[in-house]
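The values are calculated or read from the model by the stated rules, or taken from the named source; none is laboratory data. Values in this document were obtained by computation on a predicted structure and should not be read as measured data. Cβ: placed from backbone, ideal geometry, glycine included. Neighbour counts: every protein chain shown.
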Amino acid sequence: MTDTPWQRLPTPIRLLLEGTPAGIGVLDTELRYLYVNPALARMNGVLAEEHLGRTIAELLPGIDAREEVLRAVLADGRPREVTSSGHTQAASPLARRYWHGAYHRLEQGGRTTGLVGIVLEVTASRQQQHELEQARNRLALLDGAATRIGTTLDMDTTCGELADFLIPQLADAATVEVLPHPDSHHARPRPGGSLRLRRAAMAARPDLIEQVRVLGPQGEYVDYQPGSTIPRCLAGGRTIIENLLSDEEFGRSAPNTERVAIYRAIGIHSGMVVPLAARGHRIGTVTLMRVGDSPAFTRDDAVAAQDLARRAAISLDNARRYTREHTVAVDLQRALLAVPGAPHPDLAVAFRYRPAGTSALVGGDWYETIALPDGRTLLAIGDVMGHGLEAAAEMSHYQAMLGAMARMEPSADLLLRRMDDLACRVHEYRPSTCLVAYVDPVRGRYSFASAGHLPPAVVRPDGTVELLPIEPGPPLGTGLGGYLPADAELPAGHTLLLFTDGLVERRGEDIDESLRRLTALRLSPGAGPAELLDAVLAEAPSPAEDDIALLAAAAVAPGTV
């Protein structure tokens, strides 16, 4: 290096300048290099002597040098710090590098002679800061998703929540496609090796929604050509980003080549497809699209989308499992309740069963009718505690037990005592409420006993409703016993109504208030059991919070059978 006044500095100062890892440079008033230390030379990838007499812009055109800040330091003498970025001539695998510099004006004899800059590379700390910000953003995104995605156990609702959440967080438009149920004919191999999925949800920015609907309606089954993006995403189980596609690339990525013109008309330029999978099972994909001036997708976008997809996939798998169990349980319950036993001809009986809405698991509501040898008819209604397939299955055990014991016990209280003993000590069934009535319609005599069940109601000939005061004992299966008999006489024209708690109970409401609502009903005078049950159900909320089982019975006048 040519000898300069900076080279003639005292040895300790010169050693400090040349040994420090900080890049140090001296510039004149035209921002031309007068001196650089070895660290700055390495940082710039240029020999120290090649800096002299050249400006930063001439030597390092790939750097955003912020020269306006340096000139401000020369102008007013106030030191400043600034971060610049770009690439020097030093080899680097990084997409962009960052430097932080502090600049001070140099003066001699009251005259400004230049400035000195001390520079440190801060790329690593910037990258860490960026990663930390991205992590915070992803956590905030997931925190929001936790309250907005998976609010129900319905698959299509969950898919819709996912698509809606992505707009405008990560995409201008989004669709969610799910694989058809394996037993569906839609799951069969398609001609030409295409893959069929159902578009479960679609969302877009308000100004794009009408254009995006041209892609097809929600619920439509779409066949994807072999090698297109969604089949490749599902086959590989990995996210695929496709930015700034040509028409030819679009044609290969789309479900079919006819879609390219639609994509162009909407203005789609970038897409990202993320797999939806949980517990080792493929569920489908979510497709994110960007339109117009929106930037292309980045790897950071992919990480955020994958986090959301994993969260949503768990909710979707839960919904799918629930739907399968709920369907089986409802089918089982309907099958078991569809054909109860026949009463004696002197008693007209009607039944109704309505499962709860899709947001709740099916319960264990049950009823039964048995014609006894002595001319009486046994009526029973109950509710197995708990929900789901097991509760629905165990109600069949109580029905079978009732049928086996009814002909052995002469009264309602003794029947419940025998059933409680068997349920608790022999089979260990789930507890169940149960209301039993021995009916002798010819004499108008009704004998009751209750195992933790709500009291029966009576509909008078004028359509008014009253409750019968039946003292409830413990539910069946508890082994506590203690069932008390109760008798009532109901004249002709009165209808007995047995029901489960789903008919009257409301969340947060006292049961007495719920029962008062039932007794406030005014039903059609002279209506038969079936008409009365339809009228009662019409007053119940739909969908109900719990299953509803109803049984109505009325004496048949002699000569009408």
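Pairing each residue of region 399-410 that is among the charged types (D, E, K, R) with any residue that is not in a helix (DSSP H, G or I), provided the two are 6+ apart or on different chains, yields C-beta distances under 7 Å for R407/L372; R407/P373. Quickly run through region 42-85 and pick out the residues that are of a type in the set (S, T, N, Q) and touching a His at 6+ places or on another chain (Cβ under 9 Å). Scanning region 42-85 gives N44, T83, S84. Only residues that are at pLDDT 85 or above and touching a Ser or Thr at 6+ places or on another chain (Cβ under 9 Å) were counted across region 124-149, and they come to 1.
Checking each residue in region 239-262 for being assigned to a helix (DSSP H, G or I) and either in contact with a strand residue (DSSP E or B) (Cβ under 9 Å, 6 or more places away or on another chain) or touching a residue at least 24 places away in the same chain (Cβ under 8 Å) (or both) picks out E249, F250, R252, S253, R259, I262.
Can G493 be described as in contact with a Phe, Trp or Tyr (Cβ under 9 Å, 6 or more places away or on another chain) and on the phi > 0 side of the Ramachandran plot? No.
Examine region 521-534 for a residue that is more than 22 Å from L378 (Cβ to Cβ), among the hydroxyl-bearing types (S, T, Y) and modelled with pLDDT of 90 or more, and state whether such a residue exists. Within region 521-534, one or more residues are more than 22 Å from L378 (Cβ to Cβ), among the hydroxyl-bearing types (S, T, Y) and modelled with pLDDT of 90 or more. Of the residues making up region 385-407, one or more are in a loop (DSSP other than H, G, I, E, B) and modelled with pLDDT of 75 or more. The strands (runs of 3 or more DSSP E) located wholly in region 127-238 that include 2 or more residues which are within 17 Å of the chain's Cα centre (by Cα) and touching a residue at least 12 places away in the same chain (Cβ under 8 Å) occupy 173-178, 195-204.
Considering R354, R321, the condition of being within 30 Å of H181 (Cβ to Cβ), modelled with pLDDT of 70 or more and in the same structural domain as A201 (by TED's automatic domain parsing) is satisfied by R321 alone.
Of the residues making up region 501-510, at least one is without any contact (Cβ under 8 Å) to a residue 40 or more places away in the chain and surrounded by 12 or more Cβ atoms within 10 Å (Cβ to Cβ).
The residues in region 284-313 that are over 10 Å from T239 (Cβ atoms) and in a helix (DSSP H, G or I) can be counted, and the count is 8. What number of residues in region 525-546 are surrounded by 13 or more Cβ atoms within 10 Å (Cβ to Cβ), under 19 Å from A492 (Cβ atoms) and either of a type in the set (G, A, S) or out of contact with any Gly (no Cβ under 9 Å at 6 or more places or on another chain) (or both)? Residues flagged as surrounded by 13 or more Cβ atoms within 10 Å (Cβ to Cβ), under 19 Å from A492 (Cβ atoms) and either of a type in the set (G, A, S) or out of contact with any Gly (no Cβ under 9 Å at 6 or more places or on another chain) (or both) within region 525-546 amount to 5. The set of residues in region 273-299 being over 11 Å from E177 (Cα atoms), without any contact (Cβ under 8 Å) to a residue 60 or more places away in the chain and crowded, with 21+ Cβ neighbours inside 10 Å consists of F297 alone. The strands (runs of 3 or more DSSP E) found entirely in region 51-125 that carry 3 or more residues being surrounded by fewer than 18 Cβ atoms within 10 Å (Cβ to Cβ) and either hydrophobic (A, V, I, L, M, F, W, C) or over 52 Å from the mean Cα position of the chain (by Cα) (or both) are 97-108, 111-121. Among the residues of region 269-280, none qualifies, meaning not one is in a loop (DSSP other than H, G, I, E, B), farther than 15 Å from L170 by Cα and more than 20 Å from the chain's Cα centre (by Cα).
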